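The values are calculated or read from the model by the stated rules, or taken from the named source; none is laboratory data. Remember, predicted model here, so these are calculated numbers, not experimental data. Every residue, glycine as well, gets a Cβ built from its backbone with ideal geometry; the counts of neighbours run over all protein chains shown. The protein model used for the area step is the full one, side chains on, heavy atoms only, and it has no ligands, DNA or RNA in it. Shrake-Rupley method; radii C 1.70, N 1.55, O 1.52, S 1.80 Å.
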Amino acid sequence: MVSSIVVQYTDLLRNSEYDLWSRLRELLKGQGLEPHRTVVVDLLQEGPDHEDGQVISDDGRVYRFTLFYDQAAEHGARNAYLDGWTDITDSWQIGSLANRTADAFAWMSSPAESS
């Protein structure tokens, strides 16, 4: 069963008007991804100024990145930027999010997600 984090974060990426998600959509487009067809495996706050994320593109590529922004500022996420954008398609199976990524792939191919 797919993690609720995958479902919730993917919905936020696709639909939320909060600064963080709006900015992440812009940044993903800049990397050549279509946000409304991208699945968020995780976006986890790792420090006071960044979050580590992982996404799956609609063509099955898996990417890891760090999203930096001023979390204390009211609209700090508007100036967020990506760092460490890495294609881990060939190695995600050995990472800490391997099970969640596998579940996300299964969810991506399910009829409910395809609609």
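In this structure, the amide hydrogen of Asp42, modeled 1.01 Å from its nitrogen in the peptide plane, lies closer than 5 angstrom to those of Gln54, counting only residues at least 5 positions away or on a different chain. For segment 13-54, the percent of C-alpha pairs falling in each 10 Å distance bin, counted from 0 to the bin holding the largest distance, reads 28, 59, 13. For Cα Rg over 2.2 N^0.38 Å, several values are listed as [x] 1.01; [y] 1.22; [z] 2.32; flag the one computed from this structure. Entry [x]. For the chain, the longest principal axis of the Cα atoms and the long axis of helix 4-15 meet at an angle of about 60 degrees. The angle between the Cα long axis of helix 98-108 and the main principal axis of the chain comes to about 70°, on a 0 to 90 degree scale.
In order along segment 21-30, the phi-based Karplus estimate (6.51 cos²θ - 1.76 cosθ + 1.60, θ = phi - 60°) of 3J(HN,Hα) comes to 6, 4, 5, 5, 4, 4, 5, 5, 4, x Hz; Gly and Pro are listed as x.
Leu67 sits among other residues whose Cβ lies under 15 Å from its own Cβ, and their net charge, with Lys and Arg +1 and Asp and Glu -1, is -4.
Each stretch of four or more DSSP H residues adds -39500 (n - 2.57); spread over every residue of the chain, this sum gives -10000 deg cm²/dmol at 222 nm.
Determine the share of the chain's accessible area contributed by carbon and sulfur atoms, expressed in whole percent, with a 1.4 angstrom probe. On the chain, the fraction of accessible area on carbon and sulfur atoms equals 48 percent.
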